[in-house]
Amino acid sequence: MVNAAEAYRRQQILNAPPEQLTLMLYNGCLKFIDEGTGLLNEKKFESANTSLQKAQRIISEFRLTLNMDYEISHQLLPLYNYVYDRLVEGNVKSDIGKINEAKGIIIELRDAWAEAMRKARSEKGDGKGGNGYA
């Protein structure tokens, strides 16, 4: 049986617009990276691997869903590939430095995405000065 908090979270995801889902994925990726590095620090390698693989799967999803009809996608693909490679190498070698390098890039991408969402909402006149989802 699904508890109320889980049901609420699922409902939020099902009703979220695509741009909000992207932001949620960036935040989820960062959450799994933080979990993984924390577990590496605790020498819990199997659990760290599981968390870092979740972050890797999110990056893989970003790569697979890029619409290559847009120039930005041609710029994002090598960046996502680099982040994915850093996560894999950091995971395999338990190298928190490589994982943190990937994290820094994801933070920049997430922040840029959130700003683009605020700007788009502001230009459309939605929300209160762009203080909505992000």
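Rule-based calculations on the coordinates, nothing more; no lab input. Every value quoted in this text rests on a predicted model; they were computed, and no experiment measured them. So basically every Cβ, Gly included, is an ideal-geometry build from the backbone, and we count neighbours across all protein chains shown.
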Dipole magnitude of the chain about its Cα centre, charges +1 at Lys/Arg Cβ and -1 at Asp/Glu Cβ only, in debye to the nearest 20?
-> 320 debye
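Return the FRET efficiency for the residue pair ALA112, GLN12: r is the Cβ-Cβ distance, R0 is 25 Å, and the value is rounded to the nearest 0.05. Don't skip to the answer; put the middle values down first.
Working: r = 23 Å, r/R0 = 0.91.
Working from the Cβ atoms, E equals 0.65.
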What does the helix-only formula give at 222 nm for the chain: each DSSP H stretch with n ≥ 4 adding -39500 (n - 2.57), the total divided by the residues, and the result rounded to the nearest 500 deg cm²/dmol?
-> -28000 deg cm²/dmol
Loop-located GluC sites (Glu not before Pro) in segment 32-103 whose Cβ has at most 14 other Cβ within 10 Å (DSSP) = GLU42
Which of LYS43/LYS93; LYS103/LYS124; LYS98/LYS119; LYS31/LYS103 exceed 21 Å between C-alpha atoms? The answer is LYS103/LYS124; LYS98/LYS119
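Local charge sum around VAL88 (other residues, Cβ-Cβ under 11 Å, Lys/Arg +1, Asp/Glu -1)?
Details: positive: ARG86, LYS93, LYS98; negative: ASP85, GLU89, ASP95.
Value of the local net charge: 0.
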How compact and how long is the chain, expressed as Rg and Dmax of its alpha-carbon atoms in Å?
-> 16.3, 49
Full extension from LEU21 to GLU123: what is 0.36 nm times the residue separation minus their Cα-Cα distance, to one decimal in nm?
-> 34.7 nm
Helix runs (DSSP H) in the chain reaching 20 Å along axis by Cα, Kyte-Doolittle at least -0.5 | 18-41, 45-64, 71-93
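With a sphere of radius 14 Å drawn around the Cβ of GLU46, what net charge do the other residues whose Cβ falls strictly inside it have (Lys, Arg +1; Asp, Glu -1)? Numbers along the way, then the final one.
Numbers: positive: LYS43, LYS44, LYS54; negative: GLU35, GLU42.
That sum, taken over residues with Cβ under 14 Å, equals +1.
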Part-to-part distance (alpha-carbon centres) for segment 82-103 and segment 31-48, which is given in Å | 12 Å
